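Comments concern the structure below.
The values are calculated or read from the model by the stated rules, or taken from the named source; none is laboratory data. Fair warning: this is a prediction, and the values are worked out from it, not measured in the lab. Quick reminder, even Gly has a Cβ in these numbers, built from the backbone with ideal geometry, and neighbours come from all protein chains shown. Only protein heavy atoms, including side chains, enter the accessible area calculation; ligands, DNA and RNA are left aside. Shrake-Rupley method; radii C 1.70, N 1.55, O 1.52, S 1.80 Å.
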Amino acid sequence: PGREACGAALALSLALDGMRGEGNKPRDVLWVQDRVSMRLGGRPYRPGLPKPLQSRLIHVLAETCEDALFALEEGVRCRDLCCVIGELAGNPRALDFTASRRLSLAAEKHGVPLYLVRLDAERDLSSARMRWEVCSAPSPRPRWNADAPGMPTWRAELFRARGYPPGTWILHDDGTRLAAAAPDHGDL
């Protein structure tokens, strides 16, 4: 699940970054997957998550895309959630412009961020405010142990957004925050 897990990993990092900024009691994260996306990217492995997320993750496995969309819409209506992460496989017919608009409007109305990760999908019509294509990027070498894995790093291309120009960034989570940098030409 190399490329397939990139979007979910970045969404989890964004959720964790949002939790770090909260002054109050941290809120839960809802992660909804349809069955096909679970086969492609795997089920969340709670012990492998960062400590703040291990006890705050609510996982829902939906049989169909329609069931997943219902759970996502109900999730963004719950203000007690930090955010909602949805994983859907491919370009399902149920995720048309109307469905994406319903999700966008509900998320905006209730103030709950929604990260919709589409695995193995083609770019198509959506009402998402920002649309990204994400893949893994080489991690920088660790400072103390060259054999250790580096910090999680992604190449993120913003290809459509209202009010923002398209661009590409290298994102990494250093354990204290999510940071962005302009990519070296070799990273593209």
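Of everything listed in (1) modelled with pLDDT of 90 or more; (2) in contact with a Ser or Thr (Cβ under 8 Å, 6 or more places away or on another chain), the single unmet condition for Glu108 is (2).
When restricted to residues that are out of contact with any helix residue (DSSP H, G or I) (no Cβ under 7 Å at 6 or more places or on another chain) and of a type in the set (Val, Ile, Thr), the stretch 49-71 contains 2. Of all residues in the stretch 90-100, those that are more than 13 Å from Phe70 (Cα to Cα) and either in contact with a Cys (Cβ under 9 Å, 6 or more places away or on another chain) or surrounded by 13 or more Cβ atoms within 10 Å (Cβ to Cβ) (or both) total 5.
Given the structure, is Arg39 in a helix (DSSP H, G or I), modelled with pLDDT under 95, basic (Lys, Arg) and surrounded by fewer than 19 Cβ atoms within 10 Å (Cβ to Cβ)? Yes. Whenever a residue of the stretch 52-68 is without any contact (Cβ under 8 Å) to a residue 12 or more places away in the chain, its partners that are open to solvent by 70 Å² or more (accessible area, probe 1.4 Å) and outside any strand (DSSP E or B), lying with C-beta atoms within less than 8 angstrom and at least six residues away or across chains, give the pairs Gln54/Arg46; Gln54/Pro47. Considering only the stretch 109-147, state which residues are open to solvent by less than 50 Å² (accessible area, probe 1.4 Å), of a type in the set (Gly, Ala, Ser) and closer than 26 Å to Ala94 by Cβ. Hits for the stretch 109-147 are Ala121, Ser126, Ser127, Ala128. Among the residues examined, Ser136 qualifies as hydroxyl-bearing (Ser, Thr, Tyr) and touching a residue at least 60 places away in the same chain (Cβ under 8 Å).
Close contacts from the stretch 27-44, counting a first residue that is within 20 Å of Ser55 (Cβ to Cβ) and a second that is basic (Lys, Arg) and open to solvent by 30 Å² or more (accessible area, probe 1.4 Å), with Cβ to Cβ under 9 Å and a gap of 6+ residues or different chains, come to Arg27/Arg56; Arg27/Arg79; Asp28/Arg56; Val29/Arg56; Gln33/Arg43.
Among the residues of the stretch 1-18, those identified as open to solvent by less than 60 Å² (accessible area, probe 1.4 Å) and either in a loop (DSSP other than H, G, I, E, B) or modelled with pLDDT under 65 (or both) are Gly2, Glu4, Ala5, Cys6, Gly7.
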